[in-house]
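Taken together, the values in this text are just the output of simple stated rules run on the coordinates, not laboratory data. Values in this document were obtained by computation on a predicted structure and should not be read as measured data. Every residue, glycine among them, receives a Cβ derived from its backbone with ideal geometry; neighbour counts consider all protein chains shown.
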Amino acid sequence: MRVSRRHVLAGAAALPFAAVARPASAAPVLRVGVGIGDVTGPAAENGMMGYSMPQQQTAGIHLRTRARAFIVDDGTRRIVFVTAELGALFQSVHQGVLRELAKKYGDRYTEQNVLLNATHTHSACGGDSHYAAYDLSILGFQQQTYDAVVAGITDAIARAHDDLKPGELTLGRTELTDASANRSRAAFERNPDKDHFPLSIDPAVTVLRFRQGGRDVGAITWFATHGTSMSNGNHLISSDNKGYAAYAWEHDHAGVRYLDGPPGFVAAFAQTNSGDMTPNLNLKPGTPETEFENTRRIGELQFQAAKRAFDAATEQITGGVDHRLTYVDMSDVAVDGSFTPDGRPHRTCTAAIGVSMLAGSTEDGPGLPLPEGVKNPFIDWLGGIDAPIPQALADAQAPKVVAVPFGAMKPYPWAPEVLPLQLVRIGQLHLVAGPAEYTIVAGLRIRKTVAAALGVPLENVLMQGYSNAYSQYVTTPEEYDSQQYEGASTLFGRYTLPAYQQEFGKLAAAMKAGTTVPHGPIPRDLRGKLVSFQPGVVFDSAPPLKSFGDVVTDAKSSYRRGEQVSVAFVTGHPKNDLRRDGTFLEIQRYADGRWVRYADDGDWATKFRWTRTFVSESRAEVTWDIPANTPVGKYRVVHFGAWKHGLTGAIAQLSGTSRAFVVS
């Protein structure tokens, strides 16, 4: 087996600590639990979060989005780790989940020991932030999306809580070099420490393997690549490449059927420092002809790498769990000179985005969040975007040319400045949970700071981005000076990264010493402060001489494996019933004298597309690309939905069934 330079250095660094490690007999007995929840939002006419394209609204489902929860309890302390297939994990969601957990469990789960993070798919529903910057292209706050996300994450944690049993954890590692590329090479090359990444990517794959009673029950895999295999022209809800990796492991290889009750295996694919890592290896975004294959290919590579590390995961987790969290006003941090490039003290400043941020990332999908000539009532309600830019802010943000001063907008900043910084220890593995997208060198510097403060090997410290809140990018000062997309999106000025290094270093020092840390300022609670200009459902109607659930285009009588089945139905608006923990479709197989579900809208081979055909009329198209391993037999397509009565406003369920057909 090839041994990388990283493994050699990590092994050497670990030697001084081997002599003082606790003997195996002193290791605490762990209890572990795993769970899955459904965070899929409205499958029609809801803006997607990621590309900031107002016209990118949902119109169906390819892969449902899930939250995957893991709990580790050492008998004294407990930590919760959740990866949700979302564009970002907003502070509003963090606050909402903690409120729900407090209702169910009192003070068992708090902001201190719960770590929530997102995969950063750009094809999930948006509108669940309480800060305006992240709702601009979605026409405001979307209560349905928010409720679905909070409920799904809470469900995942509750299911992991109920699943707690004695277990063990092991670590595995490998490298993956063909599932990411550096999309900001000009900025990366400015870093004096860039040689740590000779391929200009972070190839590290780290896997935490969960077992109960000698049985594998789950895995968390960390790898840095963006959730942008699906393009900004896609309108189907998708968990993107990391979602495919999770699906491939759980469904095809572990036999999970999400609607059949508790899963047999839970596989989360978490991000690390993926700010400048793209899955589009040719540095061009996908197209409608290539995006699904790109998603599958990059997802399959991550799954295969994770499985290699999982199968070789022999390093036992020892030492229990620990956690520290503090809130920091990142717009006003006095940074010590030991963390700055010139060795002099500096300060962070009020949040602002730069002009080059508005162009988007051309490698993953260019977009203009606030295009000229497009009327956006939400922006008008907020008072527009032409806020004055004080000269002091322009100077503090230099060399960034400020486009919109997020932190100076009224009556509330458009992005949070009081942010949660968290450090979680699972045995010898340490997770630095930050509320942003960190470039690989920015992540490296934070990891080095934390590793040095803790006195642990660098490879045992991971940067867990997209955690507990969202505040865009963090670049190194050298990258910031280049003012590429990532630098223009680094909100708090040139010294944002040094501020994070300093504050995370404090958390690490406290964990090392066994002392507490200050809570810090309390973040805003902005419930009820934002509105939505996205029209809701007024009523649904069926076409003349048709009823809800009627088949408009039926299946053929027979198909061969590899062909596509397509059936269309008269339907209602998907917002009438999100069917969370359910499905809009079933591919049913006739077996043992009855029809049984074979696939649903959480399967890779199916697609549910919704189309408005007239003012209040709509159509559902269900397609099934018959996999090569599909058993020969009789099948049918069933659609489930709901429609809204125009006079009473009542919601009624509907269903429709295709003719039976034979697959041979």
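Below, the figures for the structure above:
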item: Gain upon complete extension [residue 336, residue 252; 0.36 nm per residue less C-alpha separation]; result: 25.1 nm
item: Degrees separating the helix 143-162 axis from the principal Cα axis of the chain, which is the longest one; result: 70 degrees
item: Eligible lysines near residue 512 by straight Cα distance, threshold 25 Å, same-chain separation 8 or greater; result: 448
item: Filter on 165/607; 410/607; 165/242; 375/529; 104/410; 284/529 - keep pairs with C-alpha separation over 32 Å; result: 165/607; 410/607; 104/410; 284/529
item: Estimated distance in nm for a label pair at residue 545 and residue 189, the labels positioned 7 Å out from Cα along Cα-to-Cβ; result: 6.8 nm
item: Debye intensity ratio in log₁₀ form over the Cα atoms of the chain, taken at each q of 0.06, 0.09 Å⁻¹; result: -0.32, -0.73
item: Extension gain, residue 284 back to residue 605 (0.36 nm per residue minus Cα-Cα distance, nm); result: 113.0 nm
item: Net charge of neighbours whose Cβ lies under 15 Å from the Cβ of residue 590, counting Lys and Arg as +1 and Asp and Glu as -1; result: +4
item: Within the chain, helix-based [θ] at 222 nm, where runs of 4 or more DSSP H residues each add -39,500 (n - 2.57), nearest 500; result: -6500 deg cm²/dmol
item: Anchor residue 506: aspartates and glutamates whose Cα lies under 13 Å away (excluding residues fewer than 8 positions away in-chain); result: 336
item: Cα-based reach from residue 644 at 14 Å (exclusive), listing aspartates and glutamates while leaving out same-chain residues under 8 positions away; result: 540, 577, 617
item: Local electrostatic count, residue 46, Cβ distance below 11 Å [Lys/Arg +1, Asp/Glu -1]; result: -1
item: Simple spin-label estimate for residue 259 and residue 648 in nanometres, 7 Å along Cα-Cβ; result: 2.6 nm
